[in-house]
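First the structure, in the form of structure tokens, and then the observations on it.
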Amino acid sequence: MSKDDLQRQDSQGASPPAGRRRTFRLMHWFDRFAGAATRHAGSPAAFALAVFVVLAWAVTGPMFEYSENWQLVINTGTTIVTFLMVFLIQQSQNKDAVAVHLKLNELLASHREASNMLVAIEDLDEVELQQLATFYRHLAELADKEGGLKCSHSLDEAYLNNEAKRGARMGRHAPTPAGPDTAMSPASSDELPQTDAAGQGA
């Protein structure tokens with residue numbers, strides 16, 4: 001098989017190489033481990049275990065005469081645990097941030113009146129974000145002039161929005177109308193029995 005055939009097979013969706021599959025597998029396991037570690041670290045059982053370790057260390061102080069080695073044990077242990085937890089928590093926070101951004105992008109992309117300029121806004125630099133913030137502050141000032149923050153939407157407007165959404169949903173799921181050869185209007189279907197009755201009477 002030539003080199004062009006290999007490239008064509010890879011472009012058509014061939015399975016990734018073994019090294020890439022191994023990398024994906026390691027990333028998957030690390031993601032699962034980071035999520036489980038952060039969940040358990042914030043549980044009441046983990047907090048109780050940490051309190052128990054601190055109390056046990058404090059109780060053993062007189063036994064070791066509060067020596068430097070006794071202080072070094074708690075210092076070294078807490079430093080190692082904190083150092084490792086920083087990376088696990090950061091991994092979980094990065095994943096949660098990406099998920100939230102994707103959900104917000106879906107809402108912006110699916111809403112008819114929302115601006116698509118705000119999709120993937122987290123990739124903008126500081127200057128562009130400040131420009132958008134100035135624009136929305138101007139909108140907030142206009143809204144404040146109209147009625148202030150205490151002015152809420154009416155129930156009638158909420159009902160109208162609900163009816164509009166339901167109408168759009170029904171329109172998307174409505175069956176496709178059949179052609180004249182396969183369907184018959186209600187008026188024509190009502191006229192057939194009358195025509196047959198008239199023919200039988202004649």
Problem - Test: residue in the range 67-76 that is of a type in the set (D, E), surrounded by 10 or more Cβ atoms within 10 Å (Cβ to Cβ) and in a helix (DSSP H, G or I) - result: no
Exercise for the section: Name every residue in the range 103-139 that is under 30 Å from R169 (Cα atoms), part of a helix (DSSP H, G or I) and not polar (S, T, N, Q), in order of residue number. Expected result: K103, L104, E106, L107, L108, A109, M117, L118, I121
Exercise for the section: Kindly indicate whether L104 is touching a Leu at 6+ places or on another chain (Cβ under 7 Å), surrounded by 12 or more Cβ atoms within 10 Å (Cβ to Cβ) and closer than 27 Å to L132 by Cβ. Expected result: no
Exercise for the section: From the list V54, V86, V100, pick out the single residue that is closer than 30 Å to L118 by Cβ and assigned to a helix (DSSP H, G or I). Expected result: V100
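Bear in mind these aren't lab numbers, they're just calculated from the coordinates by the rules spelled out. Predicted model, so just to flag it, every value in this text is computed and none were measured. As a convention, Cβ positions derive from the backbone with ideal geometry for all residues, glycine included, and neighbour counts pool all protein chains shown.
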